[in-house]
Amino acid sequence: MRTVGQSIKRVDAYEKVSGRAKFTDDLIPKHCLTAKVLHAPIASGIVASIDTSEAEALKGVVKVVTFRDVPKHTYPTPGHPWSVDPSHQDTADRRLLTGRIRYWLFRYSGDDVAAVIAEDEVTASRALKLIRTEYEEYAPVLHPRDAMKGTIPPVHEEHPDNILAKSNYEIGHVDDALSQADAVLSESFRTPIVQHCHIEPPISYAYMEKDRIVVICSTQIPHIVRRVIGQALGIPWGKVRVIKPYIGGGFGNKQEVLYEPLNAFLTASVGGRPVKLELSREETFTNTRTRHSIEYDLTAGVTKDGKILAKDMKAYSNQGAYASHGHAIAANGATAWRHLYDVKNIRADAYTVYTNAPVGGAMRGYGIPQFCFVSECLMDDLACKISMDPLKFRELNLYDGYYEDPVLTPLAANTNGVRECMRRGADYIHWEKKRSLYQNQSGNIRRGVGMALFSYKTGVWPISLEISGARLILNQDGSVQLQTGAAEIGQGSDTVFTQMAAEVLGLSPDDVHIQSFQDTDITPFDTGAYASRQTYISGIAVKECAELLKEKILTYARTLVAEEYRDQELSLYDKQILCGRKPVLSLEELAFHSYYSRTSSAAITSDVSRQIKKNTLAFGACFAEIEVDLKLAKIKILDIINVHDSGKIINPQLASMQVHGGMSMGIGYGLSEQMLLDEKTGRVLNGSLLDYKLPTMMDSPDLHLDFVELEDPTGPFGNKALGEPPAIPPAPAIRNAFLHATGIPVNEIPLSPQRVFEALKKADLI
């Protein structure tokens, strides 16, 4: 029964559209206590004094804890696998609560100083206002290049220059090659701080059973949350149980251990009574994670006929107040600098710098949206400098076919469909016709077409650990139960895992019952939902687990079929054991017999855990046509298409949904989204959906897409990354279309009306 490659209905569709799906807030028990966190109203400083007596005296308040009451050690928060190598472990710079203030974000939403546990939310909120605090304030630093000069005091004492980490490499001889170039271009770029804006804010509730802490939370990484809670509280990890129900989106923000450790500590502080800790939308904006703002200095040298001889990058990543995912974001962009284009001389220096800005963490694309914007803008600017068509310029410099990363073995382009992606996108947008048509325009309305390419790693090997797990159980009726540790977060992973298992076992997807909740006590170990890894990494475990179950079923079948079939080859299809094409035993009969036979009863199960030591590159292209109204300083997208080489598409309908969602996110990144900071105080000026310019349906054009399906030999079904790639190329494609329409290279996003106005005015077009 063929299921892979088919657009089957989502396995969670009915539950979600009918309201039966249970999210964290739907599971909170009656009489659950409520916790609220007190945030400091300064960007940098220390708590000089704190008085909680009035709050503690308020009726309905159960407990007040401050930074003085929590464990004194620090812990790491990013959703990375643990490393037994101390040098490869994440930076532990966070405490449950702190007296050293490192950021102030919105209103009274800054660093975490104290927490109140009360009988209800109203009482908890009132109690926060009764806590009396005094602060010694320091001048904040908000930009990485300023912070690198040193601050008194530093953001973290262990890093006097505020540099969390740096990395560099050089391939070939960059300076020599630049000296031989016919043209050299040096440019600076900057990308903004943006927020994930997932529908469901971070939420958890915690309680104790026996001597163990149980945390139910909206997370992408339940097994990692369990470990980090243990680290934060200084207790054995086995004393923690984490349950992830349905989750209302994450986009990387919930690939971070947020307030779950504090919630675990709070329930322990009140004798194990249930405690709920839910963030408001404003707190989600300011007290969780953001996409890093990164500043880049790029230099490249080309020949007059368009061959890139050398390129150089310096990247300065604004990490904000705490390490979170740290240098991995900037380093990921530096790695991608080596990919896609065949350049023999490459250099990159990347810095990740502490500031008093919002904390940067994982967000869809993991540093590649920032990198792709600057890299693909540079490609268009280089093409302009030598008067070459940007598409032809890219064609001239692209890698062809298979290539390996020269540093990270075995990362490779095992299949490479980027040229076909580019061809299809150009054909759709009518590239040559419109590039010619929109040349030498005048008037207040200008049009242009632009493009951008990208490459994206699938998973995190060899930089980090890749491990996945799956379990299958044959039910009495011949259906199967499937459990995975990889978290369904709305992207449709439960559906594609169902298809994979059904494909191998020859079952209908209706006969595969997948458990959507992850429970660290029960669920096979898997590091979670991130890095576009699930269909690739976790899919390998699902496929192998299904193959093992199939083998066990056929082995057991030989004990039940007639004698004449026992030595012949048997197969499983459509819930029938077949000898050749002849049904000789139904799967239901076999399953029933396996559970209840008086002579050979044995539940048939399979359990697989796999470390995956491979990686591959996905590719794609975006082509955009825009209209610029010079009087309004406004960009309107007339047409846009993403074309993806993501290997074999497991479920075309789900894949299309992923692309549409990612393109919308990329358009927002390019045109409107940014978190604005007060330069003097460090306060976020637009920390709510009222002021933050998230694009709506009114801002979205019709979104078009296509797939180049080349089966990747390393994927379980020829598949590779898709979840994050759609968000990567729209922003540079829009910027390059603006360049074509106006002749103005704008090197900072978003291309908001304000920034467009300033660019047009500077160029004397208005």
Point to revise | Cα-based Kirkwood hydrodynamic radius, region 1-118, one decimal, Å | key: 18.7 Å
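Over region 211-345, calculate the relative contact order: mean separation of alpha carbon pairs under 8 Å at least 6 apart, over the residue count, as a percent.
Relative contact order of region 211-345: 18 percent.
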**Study point:** Cα-Cα separations in region 177-333 greater than 19 Å, expressed as whole percent
**Key:** 63 percent
Study note, to complete from the structure: Expressed to one decimal in nm², the mean projection of the alpha carbon convex hull of region 338-493 is 16.3 nm²
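So which of Lys314/Lys648; Lys149/Lys344; Lys385/Lys434; Lys22/Lys552; Lys16/Lys129; Lys434/Lys693 end up more than 27 Å apart, counting from Cα to Cα?
Lys314/Lys648; Lys149/Lys344; Lys22/Lys552; Lys16/Lys129; Lys434/Lys693
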Practice item. Identify the trypsin sites (Lys or Arg not before Pro) of region 572-645 meeting these criteria: DSSP loop state and at most 14 other C-beta atoms within 10 Å of the C-beta. Key: Arg581, Arg598, Lys613, Lys631
Practice item. Can you put Asp510, Asp712 in order of Cβ neighbours within 10 angstrom, beginning with the fewest? Key: Asp510, Asp712
Review point. Taking a 21 Å limit on the Cα-Cα distance, which of the listed pairs Lys304/Lys392; Lys9/Lys244; Lys634/Lys680; Lys550/Lys613 fall beyond it?
Key: Lys9/Lys244; Lys634/Lys680; Lys550/Lys613
Check your understanding: By DSSP, what percent of the beta bridges with both residues in the chain are antiparallel, rounded to the nearest 5?
Key -> 80 percent
Check your understanding: What is the fewest-to-most order of His73, His325, His196 by other Cβ atoms lying within 10 Å of their Cβ?
Key -> His73, His196, His325
Review point. Normalised by the number of residues in region 405-494, what is the relative contact order in percent for Cα pairs under 8 Å and 6+ residues apart?
Key: 20 percent
Exercise for review: Tell me what the chain gives for mean residue ellipticity at 222 nm when only DSSP H runs of n ≥ 4 count, each as -39,500 (n - 2.57), the sum divided by the residue total, rounded to 500 deg cm²/dmol.
Suggested key: -7500 deg cm²/dmol
Point to revise | Sparse-neighbour loop sites [trypsin sites (Lys or Arg not before Pro); region 154-210; at most 14 other C-beta within 10 Å; DSSP] | key: Lys210
Practice item. If a/c stays under 1.5 just call it rounded; otherwise compare a/b with b/c (prolate if a/b is bigger, oblate if not). Do that for region 120-221, with a ≥ b ≥ c from the square roots of the Cα gyration tensor eigenvalues. Key: prolate
Review point. With a ≥ b ≥ c the root eigenvalues of the C-alpha gyration tensor of region 266-360, is it rounded (a/c under 1.5), prolate (a/b larger than b/c) or oblate?
Key: prolate
Revision key, fill the gap. In whole angstrom, the spacing between the Cα centers of region 119-138 and region 1-69 equals 18 Å
Exercise for review: Per residue, how big is the convex hull around the C-alpha atoms of region 556-644? Give it to me in cubic angstrom, could you?
Suggested key: 265 Å³
Exercise for review: Scan the chain and note any complete DSSP helix (H) whose C-alpha atoms cover at least 15 Å along its axis and whose Kyte-Doolittle average is 0.5 or more.
Suggested key: 368-385, 493-505
Revision key, fill the gap. The chain: longest segment with zero exposed GluC sites (Glu not before Pro), where exposed means DSSP loop plus at most 12 other C-beta atoms within 10 Å, is residues 159-568
Review point. In whole Å, how far is the Cα centre of region 428-483 from that of region 540-595?
Key: 39 Å
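Before anything else, pin down the relative contact order of region 312-444: Cα pairs under 8 Å, at least 6 apart, normalised by residue count, whole percent.
Contact order relative to length: 23 percent.
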Check your understanding: Of the labelled options (i) 31.1, 101; (ii) 45.9, 172; (iii) 27.4, 90, which one gives Rg and Dmax of the Cα atoms in Å as computed for this structure?
Key -> (iii)
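Which whole-number percent of Cα pairs in region 620-687 have a distance greater than 14 Å?
In whole percent, the share of Cα-Cα pairs in region 620-687 beyond 14 Å is 72.
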Review point. For region 680-699 and region 188-261, what is the separation of their Cα centres, given in Å?
Key: 25 Å
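Which of Val542, Val708, Val659 comes first, and how do the rest follow, when ranked by fewest Cβ neighbours within 10 Å? It would help to have the intermediate numbers written out before the result.
On the way: Val542 33, Val708 23, Val659 26.
Neighbour counts put them in this order, fewest first: Val708, Val659, Val542.
No lab work stands behind these numbers, since they all come straight from the coordinates. As the structure is a computational prediction, the values presented were derived from the model and not from experiment. Positions of Cβ are generated from backbone atoms using ideal geometry, with glycine treated the same way; all protein chains shown enter the neighbour counts.
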